[in-house]
Amino acid sequence: MSRPTPVRTRSGARAGARRTALATALAGVLVLPPGAALAAGLDPAAPPATDAPPAAAPAPPAAPVAPAPPAAPAGPTAQDPAATGTAAPRDAAALLAAAQADGLQVPALDLDALTIPELQSRIAAGELTAAGLTAAYLQRIRDVDPQVGAVLALDPTALDQARASDAHRAAHGARTPLEGVPVLLKDNIGSAGLPTTAGSRALLGNLAPDASLTAQLREAGAVVIGKANLSEWANFRSTTATSGWSGVGGQTRNPYALDRDPCGSSSGSGAGVAASLAQVAIGTETDGSVVCPAATNGVVGVKPTLGMVSRTGVVPLSLEQDTAGPMARHAVDAALAMEALDGTDAADPATLERPEGVDTSFGRLVEGNGPSLAGARFGYWVLDADQRAAVDDDVEAVYAAAVNALRGSGATAVPVELPDQAAVGAGEGLALGPEFSRDIDTHLAGRTAQGAQVPADLAALVAFNAADPVELALFGQETFEAALAGPAADSPQVAAAREEARRLARASIDTVLAQGPGEADDLDAVVALTGTPPDLLSYQDTDGEPPAFTYASSTPAAVAGYPAVTVPAGYAGPSAALPVGVTFFGARWDDVDVLGYAAAFEAQTQVRRAPTLPATVG
């Protein structure tokens, strides 16, 4: 979930009693006992929310072993609000040390290159275990995340989950291809035993149960290794926010250049996967918040059709557009994650809109049965004059090379323009604030009714931020304030704006795909430049402006609720070091084929390279 405007400038079976005891003891490492704030580097003038639960509060019954939430993790303070990193690397080190003392060896793995099918093959051959794989990722978090700041919180039961996966595999076989695979969840997605904060210090007491999608991942055998940082409140608190910053998690950095913006709002999900801190991450998007950080961090990002994946248990921005989707270094891994995430949910009406017969066979993409580029017809969305003036020539060259690669693979690529985008953006912009006010009030009311220690509504969030010494240290909350003061979501003006924006967005895609009255010239998908390379990190209140946000193509698919998948296309910017992606988007419920075309493009071009975490580039 991210800024809705497409173009602008500047802008989640124990292996014996001893391991259970270890996990329980280590869980204590993940909290700050009373009086430990100074030792942990927290601002003593930045108290936790007054509604935080007492330290002895029990976790929900379904939770893995975990304590009550901390007052706040190591991270931003009033003195250093832009700090990078939380307690996750320290906690990973503690978990690893205890596991190694118990005899676990950490395997040497090229995590960046390995795909889920390759990992499953090694495990099946007895060369690797889920516990070993999880330990390798914990080691990576320990060693790398202090620089990247992608992991907001570590799940202290990660190794227990992995051992349980190994036990299940030995007794019954693998449940799915995600068996034993470490997954990072954006911290607006519920994961039992950990706070779900949306990056806000106001929600440190939000011990939410598993979101539906988290439960599905656990049922598939995945290991929820922890929570990813995000742009606080899905980048919807301020028009001058800096992507990747939250009051809980601090500043996530781009692993291709640590002084660069990671985009957002699924910033930690994108940067964490790119830096090999998990095999797969789950992000969420309202408009651009999966595809932008995926492209900016050089990974694959899937924004499914609205209703393909349940939103139950996800902190909302607007249920008219919100969805969750996977982010991965490899398209095959994203496809396997979608195989687990897809499903209907009686608690999420959007998932019940799916017609009979919709193709959800994401697994066939892994088996080599996806669509071919040869013979396919694509429309490539051309930049208009203003966009060409704003987008650097080397970025345009990457996009042109991607179009040529499609043609070189036997596809037809024709230039297209999507109509009515200004009207789509205007309608979306009018509707999102009132919808956020409605949906967050409903969400918070539901959480307080279940006993969560959280603010009651948006007005209480605004008051919390105004009193907190960290939350408004770098930028304001004018978007919150405007939503609070604006019209209701069910007002005629807002309802009409939403309906018209959705109609125009769908028509813009459907009309372009159809191309004319006959079927012979129909397009299989639209291809677009996902966005421009990341700008240098900066902050409104300390530097005078946030990072530039020059171009994005996410809005049509986001407002329409149609599928979009971004995939690495090349590199541009200083020293040609910064990732650039292209997005494939298509018709409603055509998710498998859209991801299939992106996977075929990835296989054809193979442009992605691992980040090296330079301090700067150029």
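The values are calculated or read from the model by the stated rules, or taken from the named source; none is laboratory data. Values in this document were obtained by computation on a predicted structure and should not be read as measured data. Don't worry about glycine lacking a Cβ; one is built from the backbone with ideal geometry, like all the others, and counts go over all protein chains shown. The accessibility values were calculated without ligands, DNA or RNA, using every heavy atom of the protein model including side chains. Shrake-Rupley method; radii C 1.70, N 1.55, O 1.52, S 1.80 Å.
When the distances between all Cα atoms of the chain are binned every 20 Å from zero, what whole-number percent does each bin get? Using 20 Å bins, I get a P(r) of 22, 58, 19, 0 for the chain. Across the options Val424, Phe378, Tyr399, the greatest Cα extent toward the positive end of the charge dipole of the stretch 367-470 (unit charges at beta carbon of Lys, Arg, Asp, Glu) belongs to Phe378.
Of the residues Val106, Val527, Leu178, the one whose Cα sits farthest toward the positive end of the charge dipole of the chain, with +1 on the Cβ of Lys and Arg and -1 on the Cβ of Asp and Glu, is Val106.
What does the charge dipole of the chain about its Cα centre add up to, to the nearest 20 debye, if the Cβ of each Lys and Arg holds +1 and the Cβ of each Asp and Glu holds -1? Let's see the in-between values first.
Details: 37 positive and 67 negative charges, 319 e Å.
Charge dipole, the chain, about its Cα centre: 1540 debye, nearest 20.
The trypsin sites (Lys or Arg not before Pro) found in the stretch 478-524 include none that occupy coil by DSSP while having at most 12 further C-beta atoms within 10 Å.
Indicate the gyration tensor shape class of the stretch 469-618 (rounded, prolate or oblate), computed on the Cα atoms with a ≥ b ≥ c the square roots of the eigenvalues: a/c under 1.5 is rounded; otherwise a/b larger than b/c is prolate and the rest oblate. It is oblate, given that a/c is not under 1.5 and a/b is not larger than b/c. Solvent-accessible area per residue in the stretch 333-373 equals 46 Å², computed with a 1.4 angstrom probe and all protein chains kept. Can you bin the stretch 532-614 into rounded, prolate or oblate? Criterion: square roots of the alpha carbon gyration tensor eigenvalues sorted a ≥ b ≥ c, rounded for a/c under 1.5, prolate for a/b above b/c, oblate for the rest. Here the stretch 532-614 falls in the oblate category. Using +1 at the Cβ of each Lys and Arg and -1 at the Cβ of each Asp and Glu in the chain, identify which of Ala350, Ala167, Ala467 lies farthest towards the dipole's positive end. Value computed over the given set: Ala167.
In the assembled protein chains, Asp521 presents an accessible area of approximately 60 Å² (probe radius 1.4 Å). Round to a whole angstrom and tell me the spacing of the C-alpha centers of the stretch 78-126 and the stretch 203-252. First find each Cα centre; the distance between them is then 19 Å.
The P(r) of the stretch 203-338 has a tail past 21 Å containing 35 percent of all C-alpha pairs. Measuring between their Cα centroids, the stretch 493-534 and the stretch 143-166 lie 39 Å from each other.
Over the stretch 473-528, accessible surface divided per residue gives 46 Å², non-protein components excluded, 1.4 Å probe.
Under the rule of -39500 (n - 2.57) per DSSP H run of 4 or more residues, summed and divided by the residues of the chain, what mean residue ellipticity at 222 nm is obtained, to the nearest 500 deg cm²/dmol?
Computed ellipticity for the chain at 222 nm equals -11000 deg cm²/dmol.
Answer rounded, prolate or oblate for the stretch 497-556, using the Cα gyration tensor with square roots of eigenvalues a ≥ b ≥ c: rounded when a/c is under 1.5, else prolate when a/b is larger than b/c, else oblate. Cα axes put the stretch 497-556 in the oblate bin. In a reduced charge model with +1 at each Lys and Arg Cβ and -1 at each Asp and Glu Cβ, the stretch 108-157 shows a dipole moment near 100 debye about its Cα centre. Expressed as a whole percent, the accessible surface of the chain that belongs to carbon and sulfur atoms is 55, based on a 1.4 Å probe. Under a model in which nothing but the beta-carbon of Lys, Arg (+1) and Asp, Glu (-1) is charged, the stretch 465-517 shows a dipole of about 380 debye around its Cα centre. Charged neighbours of Phe585, selected by a Cβ distance under 14 Å, balance to -4 (K, R count +1; D, E count -1).
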